[in-house]
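Scroll down for the structure; my scribbles are underneath it.
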Amino acid sequence: MTKTPYLIFQLFLILTLNACNNPSEKTQDSQIWMVVQPQVELNRTTTAKVFFRARPDTGSIKVIQLENEADYALDGRQIESELKSDGKNYYYAIEFTAGKLGKTTLPLIEASIAGETYTSAKVPIQVVDKQTVDPSAVRLVLTADQSSYQQSDTISFTLDEYSKFAEMARFTPADLVKKGAPEALFAIIDEGNVDYKVGIVGFKTYIDAHFNVASFDWNVNRIDQKMASLDNGSYIQTQLFRMKAIAKKKGKFKIDGSRFEYKVYPHSEAFREEILSSEDLLRKKNRWTVQSNSLEIDVR
């Protein structure tokens, strides 16, 4: 294993994540991108992923050493041989332990896809002595693609999750669970209730009353994550759902805010440490209710 001045890399495969950040060269169309939590605690481990929109051409993947960085124990041939698919993209996971305080970056990844060469963008990481873990670590944002619409327009609105951490779990809020709602994601999948999928009680009834739905995409597998900036902070962005619909009549409509509980694991060791502690700590530590904004839709 080769150590860098900032990070000690250990390579292995893992599942899920997805991202893009400040494109360079031919990264504008997001053919290769990386996702990693923007801050890592010293001597703690987390996972980054490099994504490819399509399978790279055989033998084309290269690891580009950044200036002032030592060699990484990362090899293009190993990446190629161990690529996995999430159903839409190909990815390779890199687990690393932060070895030195300060700013660092992951190596750039270059590859040819269908004969065209692309390079991932630089992704900065801040290694700190102690991470800040509080409710601002996860945010939910509900948006529409326009400020107003004609009645014949197709309205597209989405719910995006912004997280400062790569590892976390999402649950139905406790007050709804007490009323019989499924708590964990696998139970929500099993029940199939749209309200719990989007975190908005009464959502389906309201939508059915006022809109004709053209499509509804629920991103249960968290595909197509990317790095994004929100209020000058760096986050991992995940689109939780996208809906396209046409209003049945003119008027102003309001979609209530989405609400979930999140439990954050700030580093890979956190789950293993908590599983050995009390059940109360396992359920409550770094767990908060997060609510999005509401969304007003004006159909003229």
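What follows draws every value from the coordinates through simple rules; no lab data is involved. Bear in mind the structure is a predicted one, so any value in this text is a computation, not a measurement. Ideal geometry is used to build each Cβ from the backbone, glycine not excepted, and the neighbour counts take in all protein chains shown.
Structure notes:
- Whether the chain is rounded, prolate or oblate, judged on the alpha carbon gyration tensor where a/c under 1.5 counts as rounded: oblate
- Rounded to whole Hz, the Karplus (6.51, -1.76, 1.60) HN-Hα couplings of region 179-194, x for glycine and proline: 8, x, 6, x, 8, 8, 4, 5, 6, 5, 4, 5, 6, x, 6, 4
- Residues D224, D231, D175, sorted so that the one with the fewest Cβ neighbours within 10 Å comes first: D231, D175, D224
- Relative to the current alpha-carbon distance between V177 and V141, full extension at 0.36 nm per residue lengthens the span by 10.7 nm.
- Remark: spin-label model distance E82-D153 equals 4.8 nm, labels positioned 7 Å along the Cα→Cβ axis.
- Computed from backbone phi with θ = phi - 60° and the Karplus coefficients 6.51, -1.76 and 1.60, the 3J(HN,Hα) list for region 119-132 is 9, 5, 7, 5, 10, x, 10, 9, 9, 10, 5, 9, 6, 8 Hz; x is used for glycine and proline.
- Residues whose placed amide H lies under 5 Å from that of L240, excluding near-sequence neighbours: L159, D160, E161
- The distance separating the Cα centre of region 212-236 from that of region 249-267 comes to 12 Å.
- Eligible aspartates and glutamates near K130 by straight Cα distance, threshold 14 Å, same-chain separation 8 or greater: E41
- Cut-off 18 Å, label 7 Å out along Cα→Cβ of D217, residues of region 127-149 by amide N: 141-146
- The chain, helix-only ellipticity at 222 nm - DSSP H runs n ≥ 4, -39,500 (n - 2.57), divided by all residues, nearest 500: -3500 deg cm²/dmol
- For region 271-276, Karplus couplings with θ = phi - 60° (6.51, -1.76, 1.60), whole Hz, Gly/Pro x: 5, 5, 5, 6, 5, 8
- Straightening the chain between R283 and A169 buys 39.9 nm, computed as 0.36 nm per residue apart minus the Cα-Cα spacing.
- Placing a label point 7 Å from the Cα of D298 along the Cα-to-Cβ direction, the residues of region 187-219 whose backbone N falls under 20 Å from that point are 211.
- Under 5 Å, built H, 5+ apart or other chain: amide partners of L108: I64, L66
- Taking a ≥ b ≥ c as the square roots of the eigenvalues of the Cα gyration tensor, an a/c ratio of 1.5 or more together with a/b larger than b/c marks region 229-295 as prolate.
- Short to long, the 10 Å bins of the Cα pair-distance histogram for region 135-299 hold 9, 36, 34, 16, 4, 1 percent of all pairs.
- Which listed pairs, of K197/K254; K179/K204; K204/K226; K204/K248, have C-alpha distances above 20 Å, in listed order: K204/K226
- For E167, distant residues with modelled amide H under 5 Å away: Y265
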